[in-house]
Amino acid sequence: MASPVIDFLLARKSQPIQELKEPGPDSEQIATLIRIAARVPDHGRLSPWRFIVYRGKARSEIGEMLAKRAVEREGPLPEARIEQERTRFSRAPVVIGVVHSPVENPKIPTWEMFLSGGAAAMNLLTAASAMGFGANWITNWYAEDEEGRRIVGLAPHERVIGFVHIGTHVGPGFERPRPDPEKLVSEYSGPWQG
Ligand SMILES: Cc1cc2nc3c(=O)[nH]c(=O)nc-3n(C[C@H](O)[C@H](O)[C@H](O)COP(=O)(O)O)c2cc1C
């Protein structure tokens, strides 16, 4: 059965961040992307995630703070590395952070909230591609560093699900090898025997 949506999903892929150029999504397009990102399965309807938009000069301000933090953590660093940290958020025109923001709930485990957040990030990535942009979901060291998370705007109880970098794709792109689905699937044949 021919379907443009199926064809799109079969070919969807990320684009290298260094190939994501201006223009990025405008405010209206970002609002649509967030609506789609929030339209995900969410056990208990807790909305245990939120989104942070990084654009304009905020991106280089964050870069300065990340560069300083990298030196604090690792000691003096070569200029090339400092520059890498400074530009972490300014390679693509827009970055949208997907934040795991857990909610107290007696029934729903936190890991399910995390999975819902992963679905939100995937929807965001897919929707950005469907809008004609290139996009890429990364985390990076500052997602694993308490002060790094504070710099990018997270509260202490929150965690990074991903930073989705979005822009107009200019460049050759890259297709990574894909797993063979046949090696990943089996018909159920009874309880695990060890
Ligand atoms: C949770 C998560 C975190 C990731 N973090 C990074 C990262 O920090 N750096 C990186 O180069 N790629 C990272 N990746 C991988 C990129 O998204 C990569 O471009 C992706 O695997 C491409 O797959 P696709 O073409 O199917 O979209 C991460 C992926 C996921 C799901």
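Please go through the range 163-194 and pick out each residue that is near the ligand (Cβ under 10 Å from one of its atoms) and on the phi > 0 side of the Ramachandran plot.
Within the range 163-194, just Gly173 meets the criteria.
Within the range 150-184, work out how many residues are part of a strand (DSSP E or B) and farther than 21 Å from Leu115 by Cα.
Matching residues across the range 150-184 total 4.
Pick out the one residue from Arg35, Arg88, Arg59 that is within 20 Å of Ala155 (Cα to Cα) and at pLDDT 95 or above.
On the way: Arg35 fails: within 20 Å of Ala155 (Cα to Cα); Arg88 fails: within 20 Å of Ala155 (Cα to Cα).
Exactly one of Arg35, Arg88, Arg59 is within 20 Å of Ala155 (Cα to Cα) and at pLDDT 95 or above, namely Arg59.
Give the residue that is surrounded by the most Cβ atoms within 10 Å (Cβ to Cβ), with candidates limited to residues of the range 126-149 that are among the charged types (D, E, K, R) and under 21 Å from Met113 (Cβ atoms).
So in the range 126-149, the residues among the charged types (D, E, K, R) come out as 144-147, 149.
Those left that are additionally under 21 Å from Met113 (Cβ atoms): 144, 146, 149.
On the way: Glu144: 11, Glu146: 10, Arg149: 18.
Of everything passing the filter in the range 126-149, Arg149 is surrounded by the most Cβ atoms within 10 Å (Cβ to Cβ).
Test Arg88 against the stated conditions and say whether it is within 11 Å of the ligand (Cβ to nearest atom), touching a residue at least 12 places away in the same chain (Cβ under 8 Å), of a type in the set (D, E, K, R) and touching a helix residue (DSSP H, G or I) at 6+ places or on another chain (Cβ under 7 Å). Spell out the reasoning first.
Numbers: within 11 Å of the ligand (Cβ to nearest atom): yes; touching a residue at least 12 places away in the same chain (Cβ under 8 Å): yes; of a type in the set (D, E, K, R): yes; touching a helix residue (DSSP H, G or I) at 6+ places or on another chain (Cβ under 7 Å): yes.
Spelling it out, Arg88 is indeed within 11 Å of the ligand (Cβ to nearest atom), touching a residue at least 12 places away in the same chain (Cβ under 8 Å), of a type in the set (D, E, K, R) and touching a helix residue (DSSP H, G or I) at 6+ places or on another chain (Cβ under 7 Å).
Restricting to the range 132-144, name every residue that is over 17 Å from Pro16 (Cα atoms) and away from the ligand (no atom under 13 Å from the Cβ).
Taking the range 132-144 and keeping what is over 17 Å from Pro16 (Cα atoms), we get 141-144.
None; the set is empty.
Return the residues of the range 100-115 that are away from the ligand (no atom under 13 Å from the Cβ) and buried (at least 21 other Cβ atoms within 10 Å of the Cβ); say none if nothing qualifies.
Narrowing the range 100-115 to residues away from the ligand (no atom under 13 Å from the Cβ): 101-113.
Of everything in the range 100-115, just one residue is away from the ligand (no atom under 13 Å from the Cβ) and buried (at least 21 other Cβ atoms within 10 Å of the Cβ), namely Met113.
The values are calculated or read from the model by the stated rules, or taken from the named source; none is laboratory data. None of the values given here were measured: they were computed from a predicted structure. Positions of Cβ are generated from backbone atoms using ideal geometry, with glycine treated the same way; all protein chains shown enter the neighbour counts.
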